[in-house]
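The structure under discussion appears below in the form of structure tokens.
Where a number appears in this text, it was derived from the coordinates with a stated rule and is not lab data. Small disclaimer: the values here were computed from a predicted structure and weren't measured. Glycine also receives a Cβ, built like all others from the backbone with ideal geometry; neighbour counts cover every protein chain displayed.
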Amino acid sequence: MEEKKLRIGLVGTSSRCHSLHESYHLHPQYEVVAACDTALHKAEDFLETFKTITGGKTYKPYSCYEEMVKNEKLDAVLITCDPDVQVDIAVDAMHRGIHVMTEVPAAFSIEQCEKLVDAVEQTGCKYQMQEQTRYWKFIRDWREMAARGEFGKIIYAEGEYLHFEPAWDAFMDRKTGYREWTSDPSYYANPNYVPSWRGRCFRNPIFYLPHTLSPLLSITGGRITKVSCMGVKADSYGTPGMAYRDIQNALMYNSDDIVFSVRAGFTSPYGQKAQTGAHWYQVKGTQRSVEWARSTIDTPKMYTPVPGTHDGEWKAMDWTCADPEAEAFIREGYHGGADYYPLMHFIDAINHDTTPPMDVYTAVETAAPAILAAQSCEQGGVLLEVPDFRNRGKKA
Ligand SMILES: NC(=O)c1ccc[n+]([C@@H]2O[C@H](COP(=O)([O-])OP(=O)(O)OC[C@H]3O[C@@H](n4cnc5c(N)ncnc54)[C@H](O)[C@@H]3O)[C@@H](O)[C@H]2O)c1
């Protein structure tokens with residue numbers, strides 16, 4: 001039996017929304033019926049582009065989310081607006097009976113994490129965070145190796161998201177909502193501009209830790225219970241004059257007795273990696289270690305120790321990001337062929353009343369350590385405890 005199309009509203013129609021839509025519109029149950037952006041012309045631009053993809057069909061653009069949900073009958077909203085305002089929209093939508101996908105990072109305060117969990121528990125709506133790197137083929141391979149016990153006891157997981165751009169969209173035109181891609185610090189004093197969400201968040205780039213924790217925790221299991229973080233000062237060396245920390249590194253501990261080290265930064269030339277660009281990972285177990293390529297002249301590799309000796313073998317591996325067996329539009333999609341998977345799982349969860357893989361608990365279990373890491377760094381690296389959102393109100 002053919003499954004019904006979902007009536008979808010988009011919130012925030014800038015670059016991320018455009019790139020997702022290129023593969024999402026090929027899902028047979030995905031039907032965009034409205035789009036909104038506080039900068040209305042962006043919603044209009046989006047729908048114009050979309051029209052050419054879908055053969056002339058147009059939908060109403062809105063400048064206001066509330067107006068859109070009042071006027072349109074929606075099954076789901078996909079939120080790709082400023083990440084630090086997305087929780088209020090997500091919570092409101094769920095209380096209207098609308099399923100929700102939000103972007104990574106899911107939340108920017110512990111209070112927002114609580115609100116998101118409350119909304120899902122109270123409404124029963126489907127919520128998913130659209131973090132996609134956990135669907136890279138090599139991450140799936142590592143996850144399957146862990147499930148088969150091939151690592152032995154995992155003791156350490158490490159990763160980084162170090163994404164340098166010479167000029168990020170750090171400022172926003174107050175009137176038009178357009179972002180200015182610049183590294184010119186004189187914009188701080190320009191009354192026509194305010195810092196964009198990136199401009200605000202890059203003081204503590206570790207807020208983007210969820211992008212790295214999502215795939216790592218999908219391999220190790222467990223939840224982060226303790227976090228401490230160090231960073232350089234919030235006065236960029238790589239992009240002089242901008243109030244950014246070029247790097248922050250969180251040291252964490254999880255409920256399965258595993259140590260994690262994860263860093264993030266956006267404003268210094270860190271060096272790209274093969275296939276994954278700005279992302280890198282390693283996992284160490286008692287029987288095996290795996291590591292992604294550290295640079296574009298390196299390869300992914302696996303170490304297998306010889307039991308009872310201090311010897312072992314490093315082997316170059318041909319792991320990939322895209323799944324060679326996936327359909328071409330998925331394989332060739334953005335972010336190494338990973339972008340389509342969150343939507344696929346979200347729609348599947350709605351149609352079959354199942355829990356999506358990146359559900360609200362999994363999402364806040366990546367967001368809360370990031371929030372506390374930023375706090376820890378601001379307080380010189382103090383050790384902070386991460387709340388357990390699955391067992392709220394229960395004593396440990
Ligand atoms: N998963 C990934 O790999 C990935 C990659 C890029 C961006 N992202 C996430 O996607 C989101 C958007 O990123 P972007 O680069 O497109 O950002 P952007 O700043 O270019 O776009 C955000 C858009 O949201 C609009 N907006 C802001 N507040 C709004 C509101 N209340 N209602 C409706 N629209 C609103 C803005 O006008 C803007 O057009 C962010 O959460 C970001 O973290 C994720």
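With each run of n ≥ 4 DSSP H residues scored as -39500 (n - 2.57), what mean residue ellipticity at 222 nm is computed for the chain after dividing by its residue count and rounding to the nearest 500 deg cm²/dmol? All intermediate terms of the calculation are to be shown ahead of the outcome.
Details: 12 runs with 122 residues, N = 396.
So the calculated ellipticity at 222 nm is -9000 deg cm²/dmol.
Could you pull out the GluC sites (Glu not before Pro) across region 42-113 that fall in loop regions by DSSP (anything but H, G, I, E, B) with no more than 12 other Cβ atoms inside 10 Å?
Here no GluC sites (Glu not before Pro) fit, given the DSSP loop and packing criteria.
Over all pairs of distinct alpha carbons, what does the Kirkwood formula give as the hydrodynamic radius of region 80-158, in Å?
Working: mean 1/r = 0.0688 Å⁻¹.
Every distinct Cα pair counted, the radius reaches 14.5 Å.
Sorted by average packing, counted as other Cβ atoms within 10 angstrom per residue and highest first, what order do 7-13, 17-23, 347-353 take?
Going from most to least packed, we get 7-13, 17-23, 347-353.
Please state the equivalent ellipsoid semi-axes for the chain: what are the square roots of 5 times the Cα gyration tensor eigenvalues, largest first, in whole Å?
On the way: eigenvalues 220, 134, 95 Å².
The answer is 33, 26, 22 Å, longest axis first.
Please list, or write none, the lysines whose alpha carbon is within less than 30 Å of the alpha carbon of Lys301, excluding same-chain residues fewer than 8 places away.
Leaving aside lysines fewer than 8 places away in the same chain, those within reach of Lys301 are Lys137, Lys153, Lys226, Lys273, Lys284, Lys315.
Report, ordered by chain and residue number, the aspartates and glutamates lying within cross-link reach of Lys51, taken as a straight Cα distance under 14 Å and ignoring same-chain residues fewer than 8 apart.
Glu22, Glu31
Let me know the Kirkwood hydrodynamic radius for region 215-309, please, with Cα pairs as the basis and the value in Å to one decimal.
Values: mean 1/r = 0.0645 Å⁻¹.
One decimal place: 15.5 Å for the Kirkwood radius.
In region 226-272, which trypsin sites (Lys or Arg not before Pro) are in a loop and have at most 16 other Cβ atoms within 10 Å, using DSSP for the loop call? Mind dumping the intermediate values first?
Working: sites: Lys226, Lys233, Arg245, Arg263; in loops: Lys233, Arg245.
Hits after loop and neighbour filter: Lys233.
Give the lysines whose C-alpha is closer than 20 Å to that of Lys175, dropping any in the same chain fewer than 8 places away, or say none.
Lys42
Tell me, what HN-Hα J-couplings in whole Hz come from the Karplus equation 6.51 cos²θ - 1.76 cosθ + 1.60 at θ = phi - 60° for each residue of region 102-114, using x for Gly and Pro?
Using θ = phi - 60°, the values come out as 10, 8, 8, x, 5, 7, 10, 8, 5, 4, 5, 4, 4 Hz.
For region 251-262, just list the computed ³J(HN,Hα) in residue order, Karplus coefficients 6.51, -1.76 and 1.60, θ = phi - 60°, integers in Hz, with x standing in for Gly and Pro.
10, 9, 9, 10, 5, 9, 6, 10, 8, 10, 10, 9
What ratio of Cα Rg to 2.2 N^0.38 Å holds for region 6-131? Walk me through the numbers before you get to the answer.
Values: Rg = 13.8 Å, N = 126, 2.2 N^0.38 = 13.8 Å.
My calculation over the Cα atoms of region 6-131 gives 1.00.
Taking 8 Å as the Cα distance limit and 6 or more residues as the minimum spacing, I'd like the relative contact order of the chain as a percentage. Provide the component values of the computation, followed by the final result.
Details: 854 pairs, mean separation 70.9, N = 396.
It comes to 18 percent, rounded to a whole number.
Run through region 296-344 and list the GluC sites (Glu not before Pro) located in a DSSP loop whose Cβ has at most 10 other Cβ atoms within 10 Å. Provide the component values of the computation, followed by the final result.
Details: sites: Glu313, Glu325, Glu327, Glu332; in loops: Glu325, Glu327, Glu332.
Hits after loop and neighbour filter: Glu325.
Measuring from centroid to centroid over Cα atoms, what is the spacing of region 118-197 and region 328-375 in Å?
Cα centroid to Cα centroid, the span is 12 Å.
Ranking Cys113, Cys201 by Cβ neighbours within 10 Å, fewest first, what do you get? Walk me through the numbers on the way to the answer.
Details: Cys113 24, Cys201 21.
Ranked by crowding around the Cβ, least crowded first: Cys201, Cys113.
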